[in-house]
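Undergrad: Before I ask anything, let me first share the structure, which is written out below as structure tokens.
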Amino acid sequence: MRAIVMRRTGGPEVLRLEDVPVPVPAAGEVLVKTEAIGASYPETLLRSGAFPVPGGLPAVAGIEAAGTVAAVGDGVDAGMIGRRVVLMDTCGGAYAEFCASPLSAITEIPDGLSAVDAVAVGGMAATALAVLQDAELAGGETVLIESAAGQVGGYLAQLARRAGAGRIIGTAGSPAKLELALERGFDEVVNHREEGWQEKLPRGIDVVFESIGGDSAGRLLDAMTAGTGRMMSYGLLSGDWARIEAFELDARGLRLVDCARRDGWLQRVEAARTTVLDLAVRGELRPLIDSHLPLAEAATAHRRFEDRLAAGKIILTP
């Protein structure tokens, strides 16, 4: 089969199309014949070496795909064969014509939803829903969503509006992305590449969905509602997690929730996947897709993410 193999970490050029054996599903695994493969920004961090590659190198890249179960390993019901599924497997292997993944990493696709739309919402929308659940929105609140033109940011806006948010403010890094955020339903937008952008924010923000990290996060505290404001930390686009001291929160009566590093985080995302797939098939959640590329152009997809050009999932076609 054809697959995108990494033999070393580095730039996008390390993603090479190769012929490799079709994997054999181990006990508790299924073999999926992929129809749509999702490329996302977090995968660029694995490829670059910013995070360790699970299982070491060489490895087949990719963590998200959708397709049809072609075979099963020991302990898996043979009735799974032929079912349409979406997978999110942090151990990799998704950038390929076939992918073997544990049963726990797959979710069945509801009738009426395409493989492309399933992979578009199955990972990032599930992540957004898990983060949103931590926020415990009360209805009518003002929320700030960083990286509004990105995948999680775009889904957060849709889901927060559905949950009753009263005012949704977004940040993005270019005029084109600011315009895109407005088109996707944000009420207001701010350019986070402008000096002092935090000071341009309105006061009285009840919930911050924080994905930039680093020192930037601390400069948002004065804009938050004292006593009840909470910050949901789930990303590190700056290269570091949010750097905020406990006394900075205590002095304002604020709460910081470290969503992505809490125990059980991946399990909560997996649990949210069925919900977002159902919302998508009912037309209550719009898939955010940037572009379609052949599998052989996986490196192009990664360059697009690193250049901050992508505004949604890039779909690789095997």
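Undergrad: How many residues does the range 241-270 contain that are free of Cβ contacts under 8 Å to residues at least 24 places away in the same chain and either among the hydrophobic types (A, V, I, L, M, F, W, C) or surrounded by 17 or more Cβ atoms within 10 Å (Cβ to Cβ) (or both)?
TA: Residues in the range 241-270 being free of Cβ contacts under 8 Å to residues at least 24 places away in the same chain and either among the hydrophobic types (A, V, I, L, M, F, W, C) or surrounded by 17 or more Cβ atoms within 10 Å (Cβ to Cβ) (or both): 3 in total.
Undergrad: Of the residues ALA160, ALA149, ALA138, which is at pLDDT 95 or above and either surrounded by fewer than 24 Cβ atoms within 10 Å (Cβ to Cβ) or not charged (D, E, K, R) (or both)?
TA: Going through ALA160, ALA149, ALA138 in turn, just one is at pLDDT 95 or above and either surrounded by fewer than 24 Cβ atoms within 10 Å (Cβ to Cβ) or not charged (D, E, K, R) (or both): ALA160.
Undergrad: Among the residues of the range 282-293, count how many are within 20 Å of LEU87 (Cβ to Cβ) and surrounded by fewer than 18 Cβ atoms within 10 Å (Cβ to Cβ).
TA: 1
Undergrad: Being among the small types (Gly, Ala, Ser) and at pLDDT below 90 is the filter here; which residues of the range 191-212 pass it?
TA: GLY196 - this is the single residue of the range 191-212 that is among the small types (Gly, Ala, Ser) and at pLDDT below 90.
Undergrad: Tell me, please, whether a residue that is among the charged types (D, E, K, R), free of Cβ contacts under 8 Å to residues at least 60 places away in the same chain and on the phi < 0 side of the Ramachandran plot can be found in the range 22-33.
TA: The answer is no, given that none of the residues of the range 22-33 is among the charged types (D, E, K, R), free of Cβ contacts under 8 Å to residues at least 60 places away in the same chain and on the phi < 0 side of the Ramachandran plot.
Undergrad: With the condition kept exactly as written, say whether any residue in the range 16-33 is surrounded by 13 or more Cβ atoms within 10 Å (Cβ to Cβ), β-branched (Val, Ile, Thr) and under 22 Å from ARG304 (Cβ atoms).
TA: No, every residue in the range 16-33 fails to be surrounded by 13 or more Cβ atoms within 10 Å (Cβ to Cβ), β-branched (Val, Ile, Thr) and under 22 Å from ARG304 (Cβ atoms).
The values are calculated or read from the model by the stated rules, or taken from the named source; none is laboratory data. Since the model is a prediction, treat every value here as computed from it, not as a measurement. Heads up, the Cβs are rebuilt from the backbone with ideal geometry, glycines too, and the neighbour counts pull from every protein chain shown.
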